[in-house]
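To start, the structure itself, in structure tokens.
The values are calculated or read from the model by the stated rules, or taken from the named source; none is laboratory data. What you are looking at is a predicted structure, and each value in this text was computed from that prediction instead of being measured. Positions of Cβ are generated from backbone atoms using ideal geometry, with glycine treated the same way; all protein chains shown enter the neighbour counts. Side chains included, ligands, DNA and RNA excluded: accessible areas come from the protein's heavy atoms. Shrake-Rupley method; radii C 1.70, N 1.55, O 1.52, S 1.80 Å.
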Amino acid sequence: DQDTRDELLGALLEDIEDDKELLNSIYQYLECDMNVTTAAKKLFIHRNSLQYRVDKFVEKTGLDVKSFPQAVTVYLALLKQHL
């Protein structure tokens, strides 16, 4: 049901929910079709900085946002949190 789905999506990002900068960076990365260069330009940061944040996100959550199936799951969770 919807409540269970919402709970599971929220649990995926529970460990990093206080790191708004990281969550916003990942959101922009996903909004830009997982293109680091385009997302970095929108965030006004160097592409290596964004790549570092993506790697940090993968390390902290265990969710590889560089693979489409996991990226979709993270994107839905971020949308649910209304970033």
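Relative contact order, whole percent, for the chain stands at 36, derived from Cα pairs under 8 Å and 6 or more residues apart. Ignoring any ligand, DNA or RNA, what whole percent of the accessible area of the chain comes from carbon and sulfur when the probe is 1.4 angstrom? The C+S portion of the solvent-accessible surface of the chain is 49 percent. Modelled spin labels at LYS41 and ASP19, positioned 7 Å past Cα toward Cβ, are 2.7 nm from each other.
Each peptide in 25-37, 64-76 was scored by the mean count of other Cβ atoms within 10 Å over its residues; highest first, the order is 25-37, 64-76.
In the distance distribution for the chain, Cα-Cα pairs more than 17 Å apart total 40 percent.
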